[in-house]
Amino acid sequence: MSSMFTQVDISAGSQTPASGNAANQPTELLREMLAAQDRTNALLEDLVRTMSTAQKQRANELNQWKQSNPELARNCRQAAEALSRVQVEYLDNVTEEINSSVDCLMQGEFMLNEFVDRFGPRLAHLNGMIQVLAQLSSVSNPTDTTA
């Protein structure tokens, strides 16, 4: 039982010069970590500035386009709303297909691949078209739906 316990000398006189450097190691490590964090923060600030500038430029270009083409922007809004209704109906059909053939889809990879090939591309393209039309629509601010 005595082999589980060891004696540790904690007196002030037992410290050697080598262990004095060991006492500075955590402090130096913390300084290095702080410097690395400062560099990371600076890089993140630069990244945010760059992305913000690009997004502002894109928003300005889009607003200029909308001002130059107000009728087309309104038509894009109407088309996006119409395609959204089509998308709801399409998703209703997809979910009915899934619910009626869930056992087949789970049992065989062939049936799952056929299902994805049948519905996936159309859904992806439909989503893409709705996004483009919505971006080109007459609403300048996504939270402003009065236009």
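The values are calculated or read from the model by the stated rules, or taken from the named source; none is laboratory data. Note that the structure is a prediction, hence the values are computed from the model and not measured. Backbone-built Cβ (ideal geometry, glycine too); neighbour counts: all protein chains shown.
Assess whether residue 92 counts as being assigned by TED's automatic domain parsing to the domain that holds residue 135, surrounded by fewer than 12 Cβ atoms within 10 Å (Cβ to Cβ) and at pLDDT 95 or above. Criteria met by residue 92.
Residue check: is residue 21 at pLDDT below 95, within 43 Å of the chain's Cα centre (by Cα) and more than 30 Å from residue 123 (Cβ to Cβ)? Judged against the criteria, residue 21 is not a match. Can you report the number of residues in the stretch 68-85 which are surrounded by fewer than 11 Cβ atoms within 10 Å (Cβ to Cβ) and either not in a helix (DSSP H, G or I) or not basic (Lys, Arg) (or both)? So the answer is 2. Here is a check on your reading of the model: is residue 110 surrounded by 14 or more Cβ atoms within 10 Å (Cβ to Cβ), modelled with pLDDT under 95 and assigned to a helix (DSSP H, G or I)? When the stated conditions are applied, residue 110 does not pass them.
Number of residues in the stretch 46-82 that are under 25 Å from the mean Cα position of the chain (by Cα) and in the same structural domain as residue 132 (by TED's automatic domain parsing): the value is 1.
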